1. Report, to the nearest 10°, how far helix A:181-191 tilts away from the longest principal axis of the Cα atoms in chain A, using its own Cα long axis and a range of 0 to 90°.
2. How would segment A:1-133 be classified by its alpha-carbon gyration tensor: rounded, prolate or oblate, with rounded meaning a/c under 1.5 and the a/b versus b/c comparison settling the rest?
3. Taking every residue in A:281-292, how many Cβ atoms of other protein chains lie within 10 Å of its Cβ, on average?
4. How far is helix A:239-252 tilted off the main Cα axis of chain A, in degrees rounded to 10, range 0 to 90?
5. Distance between the C-alpha centers of segment C:23-69 and segment B:194-253? Whole Å please.
6. Would you please classify the overall shape of chain B from the alpha carbon gyration tensor, given that a ≥ b ≥ c denote the square roots of the eigenvalues, rounded means a/c under 1.5, and beyond that prolate means a/b larger than b/c while oblate covers the rest?
7. Provide a whole-number value for the mean count of partner chain Cβ atoms within 10 Å of the Cβ atoms in peptide C:103-114.
8. Using only alpha carbon pairs under 8 Å that are at least six residues apart, calculate the relative contact order of chain A and give it in whole percent.
């Protein structure tokens, strides 16, 4: 508990100070990517840690959030401080719907059906031209005035801070959830459903709660993504994002609170380093996933003791 | 307190439980005994909602709770243990019992994200109460030990502690003495006897260990082949010819 | 009415294709409890190897088919021995992640080698249309359907009638007991995976002659196979067939009568609807959590 708290505070503290030393647009962009990925990883990891499955359809929430922000800002002119929260809300609703159906299912079924949902959403985005502009996607998602009026570096740094706020919020929510009575309930459900039920915990309710929280955080990330990239297309529901999330969470350490920080840093830096290798890069990622599953299943931060509550008589 | 009327349970044509009725009154310790396969655990499942009865009813404090979901039964005050894996293996003794107190702690999402003094108080209280329950069953020495490292006897005590942690009014234990030697069983018996009237209002046991049954029970219900054979005080049950026959078989002619 | 019959026949044909392509997946899950996310990639590799053999090397169709079975079977055997056996005890999640990693690796390496261009496997039959009453079917499709049926029957016989098949079923039912009677379970698992891979590869080659063999079809194929398997029941042979036919016919009817854009979504909608109302699949095995 102490280690995790200190680690997260230090990590986010350093992240907040980073823009003061960075003068390069490219590095700022990497920073934004990392913060975006931290939010994604944190939300993905919440489900992995508490429900115990990998929700391959998690991009559904990313996409709903992204499209929500894109549509609201381009069609209704909504400002960024409204679009991102609403994106989160809509993703939460989507989470309620999808979770309501899939959380009653056993392992592989849960995994596959969430994937089906993401695919359906991708097809809808691709075909419902009236709403989503079909395969062309929605471009020209506006950048807020106070950002657009700055030079490029300043713009990136402004987005960096917005991303920082969202990432910090996500990590805070996860931390509070884990170290709480609710978190204990979630652990009980994950460890032994029968015991959980016999002490008054309804497994489905906790699974759904976790799922919706994760969906909301992912939705915020989606809204942020829309404004930062200025373009949202059906590929936001696609598998490549899922692959990223899987690798980040696996490598960082699934089910830990610090994994979602370490994983994205390593993976984003790795991706940039391997950028020169083009297509070989993705093959290497496939090998990394297999290697982690086979040789380092607990991930890089797996050595960190999971949440522990000790008792010392006063 | 608990009343079971005419419980039936069919599994694909086989009647696991047939027309079973009995009751547990406040302040009592009732034991459910019978040979293996008599349907005792099935009765537990029917009462606590882990399996719905094919017919019959279950009443708790006069309320019809037949077929209520297990967590609802727990919230009403009926907590049970299981024959196997009744603990959270990867947690310590303390964490197990602390988790058991879950329903008495904060369950609001908002207050989880923005905990104020009330939540901190509640958590502190929960931790103290959990420690007290651990002490009650005699596991204080193993407070921060992982459940996976406990001995068999200690595991059984932990199971009781978890169920107790949930603050039940009626505590239902499924074979709490399984795998215990005589000494450990005696110890358990002492613990159990001390619970009634102090921590819980009544106790319902399924047990094979006759020594324990005779020592702690006020009444004994005997089952065989899914039916209730008889019930009564422990001494009269011990001498009942039908009961003896159920366990040992007929005398050779 | 004529339109309906035509759509129905189209649907049955593509349904047969779906059935064959899902068979390997359901067998591997049913017998080994492994959800093979690389299934679509094995299908894809089978198709591309089939194309390479028939187009580039000019081998005749049946020889190529046999070679694809052997090559994919061997690959499946190796994948199991080298990768999957290491995570066998660790629950379903490890298998899922491992095969996802494998699928990423296979698809991208293939892209590097052959690029994205679609290819076609050469058939000894032409696309000449045959008229069966009011319905039109091409010769090539009919041929491929016949082969599908043959292969499905062969797989069924393998599992039900041969010593290996018996060993597979025994190991699935009770691995410990199977070990105790002398069945070498690691061999059996590897052979089962090999069978699943061979079926996937052969489906890829057959369908690569009707549609295309292309490096990036794997994802969609996997998804469709999952749909078929969930509809029919995980691990159920008959379920894969019925599930495949249902998917094929439903897609054809929807595409013909309503709209073509969302055709792919129909399968997913079916799955979702089915899990809402009948979570066990049509044939077997509970999908629900305890």
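Please treat every number below as a calculation from the coordinates, not as lab data. All figures in this text were calculated on a predicted structure; none of them were measured in a lab. Here Cβ is always computed from backbone atoms with ideal geometry, including for glycine, and neighbour counts include all displayed protein chains.
1. In chain A, helix A:181-191 runs at an angle near 70 degrees to the longest axis.
2. On the way: a/c = 2.32, a/b = 1.23, b/c = 1.89.
Oblate shape, in that a/c is at least 1.5 and b/c is the bigger or equal ratio.
3. Numbers: counts 1, 7, 9, 4, 4, 12, 6, 3, 9, 9, 1, 3.
Per residue, the average neighbour count from other chains is 6.
4. In chain A, helix A:239-252 runs at an angle near 50 degrees to the longest axis.
5. 64 Å
6. Values: a/c = 2.19, a/b = 1.53, b/c = 1.43.
Prolate, since a/c reaches 1.5 and a/b exceeds b/c.
7. Working: counts 4, 14, 9, 2, 3, 9, 7, 1, 4, 5, 0, 0.
So the per-residue partner count for this stretch is 5.
8. Details: 468 pairs, mean separation 99.9, N = 314.
Relative contact order comes out at 32 percent.
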